[in-house]
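Quick notes on the structure that follows.
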Amino acid sequence: MRFDDMTEAIGNTPLVRIDPAVHGLRNIDLYAKMELLNPFGSLKDRAALAMLRPLLPGATERGDTVVELSSGNTAKALAMLAGMHGLPFKSVTNRMKVPEVKDLLLLLGAEIEELPGQAECLDPTDTEDPLTRMHQALAANGSGYVHTDQYFNENNVEAHLSGTGPEIVKDLDGRAPDYFIACVGTAGSSTGVARALRQHDPDVRVIGLVARKSDFIPGIRTIDEVHEVGLFDPGVYDTVETIGTDEAIDGMLTLIRRCGTPAGPTGGGAYQGAVRHLRELDASLTERRTAVFIVCDRMESYLSYLRERRPELFGRPARNNDHRALSDAEVRDAPTIGVEEARDWPGLVVDLRSPYAYQAKHIAGSINIVDEIFDELLHGGLPFSRTQQVLLVCPVGEKSARYAALLHRMGHPSVRSLAGGIIAWRDAGAELVRA
Amino acid sequence: MPDLKPLHLTPRTAPALRSVLDDPALLTQLINGLGSPLNIVLPDLLEANVEAFRESYRRHRLRGRIYFAHKANRSAALLRRLAATEAGADVASLAELQHALGAGFTPDRIMATGPKNREFLWLAARTGVIVNADSPGELTDLADLVAAHGLPRVRVMVRLSGFASQGVQVISRRSRFGVPSRALAEVLDLLEKHREELELVGVAYHLDTIGWPEKAVALEGCLAALEECQARGLPVRSVDIGGGFGVNYLADGAEWERYTSELAQAVLGKREPMTWNGHGYGLRNDAGTLRGVLGLYPAHRPVSGAGYLDQLLGADAPGLRRPLGSLLLDTMYDLDIEPGRALLDQCGLVLTRVLEVRGELVRLDCNARDVSLEEHGVLMDPVLISRESRSDDPAGVYLLGNLCLEADLITRRKVFLPRRPEPGDLLAFVNTAGYFMDFSATQALLQPIGRKVAVYRDGGVWRWCLDEQYWPVHPRAEES
């Protein structure tokens, strides 16, 4: 395989059979369309290329910025494509909810703009929401922007109508599957693939999956949000079902741990939704059927999403010298001294506050080790010799007391905490200096 | 498929508010004597609301003052009751300042904010309240007044706006208030020039948004500004983050979700209209696609009030990557806040009388300015109070006002009541003390503005007095 550029690696992803021992369906062959294998990491590579290609000649000539409303995969793909042509890319978003995606986009050189939140004191005469205003700004001639408009751009559908859909039919030896299960985001892939499949066989059953209203599953819209999508046509789907965060994560774990498929939550949701829907049909079937779902993207971008929702997946062993293991009595009995005694402290003074605060005001002669780094140091053992006298200082004397108790437990004989902290020091009129 | 069950939006009611509603004899007597609409405030609930914010301060080990944003309600009783707590008062007009001084707030507990005229500045300077300045011009005016009238040095804060974010650009709506943060140096020059007249004690921001990421950027920007002040030897000590902590109005999140889903369906024409003339509350049907943005207050807000403050203080500063609460504590600054709506949560209701029932149209003896829920985009059902209990099916009705004006609709949506009301029934709009009670009330058409009474618990029963008669030492039953 020899390519001239990475865009040639987009598409032609494999269709992989899921082991029946995993899904437990007896009469249905379940296949996954492995869109996570696209070069920029997701199904959206196809749509991004299809939408941007016709705009490229003009955009490169004018040096326009490519702009899209996306907080995920479309933004990633567009940022890479724009970069290949030396064009800047800007992502405008309501709220980027997944921090890794934000960092990835910045790494790709994208500019990110977050739109303002709703006004607390509502102004009912303000009928133009920030989004509408942005659309108007982009649409103006000579704005310096090209807008790929994924929620309304027919090329988003076309990419799957002529690509993803026919590939599935080809890999099933020229037959369309009996069932196609798709998560609905921009509705581009589900609409395009459904159209292509039905051209072969009008009886293909299409099941759309949306997120439960109060849930957030990256890449899937809720039942209300799909109505805001220009490409969404309820007629495409024989039925629309909802899927929850827990189900999406369960599906994701099955694909990752049993199927050799490092899928993200959208793929997980599609798998789980497919099995849930098909299981009911399976029992009454007398002949073999096939079903296809899409694995949209990869797992790596969603670590914090998973950490928040399934912390037990990341269980870590307890660490040594953890101040949380201290008893209340130990903390209460921590060795402390008052401001007067502290003024004549002969040893080392360690200020546990943030470097930012330390720069502005600190006790003359003190050194700054911010609490989170100090905490890290203590896991490894005593960070100073037993003969070194140490006075710990924090804002109100609470954290410093904990660490003094911990150091005491670790065998340090002469550590003290400043009672009342640096605020007591200030309130007593003792001197503070700038760095 | 259309969901035809009644769409309730049940208000969240605290036990005290509920117990006032459970006393129809009292409510009937009050409205018969004082007319409809009638504003009822519950001053004794304020203490717990102040305490909830203080508890959040304690959790973060922070100090600073909780200023009540007076503009949320004109009531004297509420203000006087607050004067009896530890709270301060945020006043935004000359009359509000007079009111606060008269209610018992000493000047050290008052902050003057908002646009100001010379009279307001003079009284603020004369009494020695903190002036939260909106512009360099205001600081110059104030310094001139102080010099010309030989007044004592005035404590000032500077309201900043237009904070820059790094990496991800967090956009905020353009504000008419405040000094652009990049112009801070010029303001500090000005303050140094007037150091005889003005004493800078801190900086402030107030953003009209419910999104905390914008506020995190602003708070971090204020910390940087305070650092710049310190570096120039100006001994600043506090940051004022304004209000906007919000209130949770609804008892049941599922009702809110169902309502907003169905509203979208109605706008798309997929179910019968739920609103007067198909009003979409900002949503519109654009060739089968839903466009626009729902222009409604998120009436179900599980994280609001003190909880919202907790969330903000727990959030990482985007640049310094340490929780904002820890940074405030580390840098030893006081945190000042100015909640209005959130401090008045559950502290009042508007009572009205049903005048006429014509099919699904119910006319009330008050207008949309007296209960400005619609104007503020807050959807919550009123409570129906009937003299005798009738069992009947729920009824969907539109509530119309008493002005001779097509637009005078108290609700533009169909409200589902437990049964069809009858003339003479009362409707109570609960939890309306913050902004919905008298903020917009006018005497258009010479219709009266509702009178206000304070109710308080005494000897196991509710007692009442006219709002202006209320003092926190109201006579006890055993004494009279």
Problem set entry | DSSP-assigned coil residues among GluC sites (Glu not before Pro) in region B:350-459, each with at most 10 further Cβ atoms within 10 Å | B:Glu388, B:Glu406
For this session: Could you go through region B:64-71 in sequence order and give the Karplus-derived ³J(HN,Hα) for each residue, using 6.51 cos²θ - 1.76 cosθ + 1.60 with θ = phi - 60°, rounded to whole Hz, and x for Gly and Pro?
Result: x, 9, 9, 9, 7, 6, 4, 4
Seminar exercise, completed: Per DSSP, the loop-located GluC sites (Glu not before Pro) within region A:347-435 having at most 16 other beta carbons within 10 Å are A:Glu398, A:Glu431
Problem set entry | A:Arg175/A:Glu113 FRET efficiency (R0 56 Å; Cβ-Cβ; nearest 0.05) | 0.75
For this session: With a 1.4 Å probe and every protein chain left in place, tell me how much accessible area A:Asp246 has, in Å² to the nearest 10.
Result: 90 Å²
Seminar exercise, completed: At 37 °C in a medium of viscosity 0.692 mPa s, chain B has a Stokes-Einstein diffusion coefficient, with Rh taken as the Kirkwood radius over alpha carbon pairs, in µm² per second, of 136 µm²/s
Exercise. HN-Hα J couplings of region A:355-367 from phi, Karplus 6.51/-1.76/1.60, θ = phi - 60°, integer Hz, Gly and Pro as x?
Worked result: x, 4, 6, 4, 4, 6, 7, 7, 6, 4, x, 7, 10
Problem set entry | Rh (Kirkwood; distinct C-alpha pairs) - region A:216-332, Å | 17.3 Å
Exercise. Over region A:338-435, how many percent of alpha carbon pairs lie in each 5 Å bin up to the one with the longest distance?
Worked result: 3, 14, 27, 28, 18, 9, 2, 0
Seminar exercise, completed: Spelling it out for B:Leu200: with amide H atoms placed in the peptide plane at 1.01 Å from N, the residues 5 or more places away or on another chain with amide H under 5 Å from its amide H are B:Val156
For this session: Amide H neighbours of B:Ala89 under 5 Å, at least 5 residues apart or on other chains, H built in the peptide plane: list them.
Result: B:Phe68, B:Ile110, B:Met111
Seminar exercise, completed: Looking only at lysines whose Cα falls under 26 Å of A:Lys90's and that sit 8 or more positions away or on another chain, we get A:Lys44, A:Lys76, A:Lys102, B:Lys215
Seminar exercise, completed: Cα-based Debye curve of chain A sampled at q = 0.09 Å⁻¹ gives log₁₀ I(q)/I(0) of -0.73
For this session: Name the residue farthest towards the positive end of the dipole of chain B from the options B:Phe416, B:Ser372, B:Val455, assuming +1 on Cβ of Lys and Arg, -1 on Cβ of Asp and Glu, about the Cα centre.
Result: B:Phe416
Exercise. In debye, nearest 20: dipole of chain B around its Cα centre with unit charges on the Cβ of K, R (+) and D, E (-)?
Worked result: 380 debye
Seminar exercise, completed: The local net charge around A:Gly41, scoring Lys/Arg +1 and Asp/Glu -1 for residues other than A:Gly41 whose Cβ lies under 9 Å from its Cβ, equals 0
Problem set entry | Distance cut-off 22 Å, percentage of C-alpha pairs in region A:151-243 lying past it | 24 percent
Seminar exercise, completed: Set A:Lys97/B:Lys270; B:Lys270/B:Lys414; B:Lys414/B:Lys452, cut-off 25 Å on Cα-Cα distance; pairs above it are A:Lys97/B:Lys270; B:Lys414/B:Lys452
Problem set entry | Choice from A:Asp224, A:Asp333, A:Asp64 with maximal GNM fluctuation in chain A (Cα, 10 Å cutoff) | A:Asp333
Exercise. Taking the Cβ-Cβ separation of A:His379 and B:Ala48 as r and a Förster radius of 51 Å, what is the calculated FRET efficiency to the nearest 0.05?
Worked result: 0.75
For this session: Take every residue in peptide A:349-356, count the Cβ atoms of other chains within 10 Å of its Cβ, and give the average of those counts.
Result: 4
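Counting only other residues whose beta carbon sits under 10 Å from that of B:Ile337, what net charge do I get with K and R as +1, D and E as -1?
Net local charge, B:Ile337 excluded: -3.
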Problem set entry | Table column - 3J(HN,Hα) (Hz), region A:4-20, Karplus curve with 6.51, -1.76, 1.60, x for Gly and Pro | 7, 8, 5, 5, 5, 7, 7, x, 6, 7, x, 9, 10, 6, 8, 4, x
Exercise. With every protein chain kept in the model, how would you rank B:Ile449, B:Ile66 by accessible area, 1.4 Å probe, largest at the top?
Worked result: B:Ile449, B:Ile66
For this session: Counting only trypsin sites (Lys or Arg not before Pro) that are in a DSSP loop and have at most 15 other C-beta atoms within 10 Å, tell me the longest site-free stretch of chain A.
Result: A:176-287
Problem set entry | Area accessible to solvent at A:Glu100, 1.4 Å probe radius, in Å² | 40 Å²
Exercise. Under a straight-distance cross-link criterion of Cα-Cα below 28 Å, which lysines are reachable from B:Lys193, leaving out those fewer than 8 residues away in the same chain?
Worked result: A:Lys361, B:Lys116
Exercise. For region B:189-332, what mean projected area does the convex hull of the alpha carbons give, in nm²?
Worked result: 12.9 nm²
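About its Cα centre, what dipole magnitude does region A:324-427 give when the only charges are +1 on Lys and Arg Cβ and -1 on Asp and Glu Cβ, stated in debye to the nearest 20?
The dipole of region A:324-427 has a size of about 80 debye.
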Problem set entry | Estimated translational D of region B:396-462 in µm²/s (Stokes, Kirkwood radius over Cα pairs; 37 °C; 0.692 mPa s) | 222 µm²/s
Problem set entry | Electrostatic dipole magnitude of the protein assembly as shown [Cβ: Lys, Arg +1; Asp, Glu -1; Cα centre; debye, to 20] | 820 debye
Seminar exercise, completed: Amide H proximity to B:Val179 below 5 Å, modelled H, separation 5+ or other chain, gives B:Arg159, B:Leu160, B:Ser161
Problem set entry | Kirkwood Rh (inverse of mean 1/r, distinct Cα pairs), region B:333-454, angstrom | 15.3 Å
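What do you get for Rg/Rh over the protein assembly as shown if you use C-alpha atoms and the Kirkwood form of Rh?
That ratio equals 1.00.
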Exercise. Loop-only check: which trypsin sites (Lys or Arg not before Pro) in region B:279-367 are DSSP coil with at most 15 other Cβ within 10 angstrom?
Worked result: B:Arg321
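Please give the net charge around A:Ser400, taking every other residue with its beta carbon less than 12 angstrom from that of A:Ser400, where Lys and Arg add +1 and Asp and Glu add -1.
Net of charged neighbours comes to +1.
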Seminar exercise, completed: Once the in-chain neighbours fewer than 8 apart are removed, the aspartates and glutamates whose Cα is under 15 Å from A:Lys170 read A:Asp178, A:Asp201
Problem set entry | Order of exposure, largest accessible area first, which applies to B:Leu78, B:Leu283 with probe 1.4 Å | B:Leu283, B:Leu78
Exercise. Tell me, what is the FRET efficiency for A:Asp246 and B:Asp316 to the nearest 0.05, using R0 = 30 angstrom and their Cβ-Cβ distance as r?
Worked result: 0.65
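The values are calculated or read from the model by the stated rules, or taken from the named source; none is laboratory data. Keep in mind that what you see is a predicted model, and the values were worked out from it rather than measured. Note: ideal-geometry Cβ built from the backbone for every residue, glycine included; neighbour counts use all protein chains shown. Ligands, DNA and RNA are stripped out before the accessible areas are found, and what is left, the full protein with its side chains, is counted by its heavy atoms. Shrake-Rupley method; radii C 1.70, N 1.55, O 1.52, S 1.80 Å.
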